[in-house]
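Student: Here it is, the structure in full.
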Amino acid sequence: MKKIKKRKLTGFSKLLIKILIILLVIILIPNGIRIYKSSNLKKLKYDHEAISNILDKKVYSEFMNIGENKTMNQVVKEQEFDKKRIDKYAKITYTNQEHLAKNINLLLDKGYNTAEISLIIAHSTTSTTDEFIKKDYIENISNYLKFDYSKTKYIDRYLAYYKLTRESYDNVVTYVNIGLDKEYYKDTKIKDKYSIDMLVNKYNGLSENFEPKNLTKIPSEYCLDKTEEEFLTKEALNAYVEMKEAATAEGYSILINSAYRSYKDQNEVYQTYYNLYGENYVKKYAAKPGYSEHQTGLSFDVASAHSNIFENSKEFNWMKENAYKYGFVLRFPKTKEEVTGFKYEPWHYRYVGKDIAKYMYENNLTFDEYYARFIDTDK
């Protein structure tokens, strides 16, 4: 057998191989490093676009030090991202907004700290943040925005109301959210969708055609006037029956005096009181048509079988201590007339459900206050 002779590489071939090896190193090692870094960032829940930008902007080490961070995941994808402000971005609580990096930058430029910025964007939409940024710097902004129910769109109203009343910041925010800094029946919101937790007052009305779909006739034995037909929504009536039976078992006799009223019915009531007692009276004691809770089918006036004056009856005290257990609340308390906009009505009860009623009872809140804090989430 003939031996195969090995060809010696020429100088040119050796040079070519060296170049190929160098090129492979140049290509493969950086890609390997990028893949390795991408894997680490992915473990911290950064998405594909964020990872690409982190590596392109050469801020991998900074992001690894920060760790998982939703705010960072968003701002690094935006054109306004500023590497010099990474530490600031990382301290801001995430809120899903467009142009987050831009808004944070502008707020930092105005002098707000990261805690204040977190509050500002948490209580804003993109549009209300834009409007807020146009305002001058507001000192101690956190006094007004530290509550879950604060709204940056009302900040000017908060400031004005605090200056006028010197109420606690908690009350300022709550009362402005209700609308107490405005005139009655001005800039009202009209609703046409029924819900158990709907609010009707002098700032929130119902359309002329609003009528609950589940109105149910109240058995006559539950009513003060057995000849009048009275109605409540099914939920409210079921709760009332439960409460009525519990009261009866304890020796108390409660009866419904007036329940559902249509827009037309309320208009007749309002005009009657107006003609008899004048404008000042109806402002305090009678709701305009469309602004009466009776139209919701969730409210009723309660009476006692033992006394013509409900407040003087033993049923009055029983209702004060027990109504919340069945989902009912005294709608217009004596100590909260300025909040509700109506004079004290010891006979007027509203169904809100057991959980809400219990919270209101334990925390001495009107439904207006509860609604402004926990139900009205419109920023």
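Laboratory data are not the source of any read-out in this text; all were calculated from the coordinates shown. Model, not experiment: these values are computed from the prediction. Neighbour counts run over all protein chains shown; Cβ positions are idealised from the backbone, glycine included.
Student: Give a residue-ordered list of calculated ³J(HN,Hα) values for region 260-271 (Karplus: 6.51 cos²θ - 1.76 cosθ + 1.60, θ = phi - 60°; whole Hz; x for Gly, Pro).
Tutor: Computed from phi, the couplings for region 260-271 are 4, 10, 6, 4, 5, 4, 5, 4, 5, 4, 4, 5 Hz.
Student: May I ask you to evaluate 6.51 cos²θ - 1.76 cosθ + 1.60, the Karplus curve with θ = phi - 60°, for each residue of region 94-104 and list the ³J(HN,Hα) values in order in whole Hz, giving x for glycine and proline?
Tutor: Couplings: 5, 9, 6, 9, 6, 6, 4, 4, 4, 5, 4 Hz.
Student: Calculate for the chain the 222 nm mean residue ellipticity that helices alone would give, adding -39,500 (n - 2.57) per DSSP H run of length 4 or more and normalising by residue count, nearest 500 deg cm²/dmol.
Tutor: Working: 18 runs with 178 residues, N = 379.
It comes out at -13500 deg cm²/dmol, rounded to the nearest 500.
Student: Let me have the relative contact order for the chain, percent, based on Cα pairs under 8 Å that are six or more residues apart. Mind dumping the intermediate values first?
Tutor: Details: 479 pairs, mean separation 42.7, N = 379.
After rounding, I find 11 percent.
Student: Also: With Cβ to Cβ distances under 10 Å as the rule, what net charge do the other residues near His306 carry (K, R +1; D, E -1)?
Tutor: 0
Student: Let me ask another. What does the charge count around Lys110 come to, taking other residues whose C-beta lies under 12 Å from its C-beta (Lys +1, Arg +1, Asp -1, Glu -1)?
Tutor: -2
Student: May I pose another question? Once a ≥ b ≥ c are taken as the square roots of the eigenvalues of the Cα gyration tensor of region 189-375, is the result rounded (a/c under 1.5), prolate (a/b larger than b/c) or oblate (a/b not larger than b/c)?
Tutor: On the way: a/c = 1.30, a/b = 1.19, b/c = 1.09.
Note, shape of region 189-375 comes out rounded.
Student: Cβ neighbours within 10 Å, averaged per peptide: list 247-257, 151-161 in order, most packed at the top.
Tutor: The peptides rank, most packed first, as 151-161, 247-257.
Student: Also, quick follow-up: Going highest first, how would you order 105-112, 234-241 by mean Cβ packing within 10 Å?
Tutor: Top of the packing list down: 234-241, 105-112.
Student: Mind ordering 191-198, 371-378 by average Cβ neighbours within 10 Å, highest first?
Tutor: 371-378, 191-198
Student: Next question. What is the antiparallel percent of DSSP beta bridges lying wholly in the chain, to the nearest 5?
Tutor: Beta bridges within the chain, antiparallel portion: roughly 80 percent.
Student: I would also like to ask the following. Got a sec to turn the phi values of region 291-308 into Karplus ³J(HN,Hα) couplings, 6.51 cos²θ - 1.76 cosθ + 1.60 with θ = phi - 60°, whole Hz, x for Gly and Pro?
Tutor: Once θ is set to phi - 60°, the couplings for region 291-308 become 10, 9, 4, 4, 5, 6, x, 10, 10, 8, 9, 9, 10, 10, 6, 10, 8, 6 Hz.
Student: What's the local net charge at Tyr94, with K and R +1, D and E -1, over the other residues with C-beta under 15 Å away?
Tutor: Residues near Tyr94 contribute +1 overall.
Student: Would you look at the GNM of the chain, springs on alpha carbons closer than 10 Å, and say which of Leu164, Leu365, Leu41 moves the most?
Tutor: Leu164
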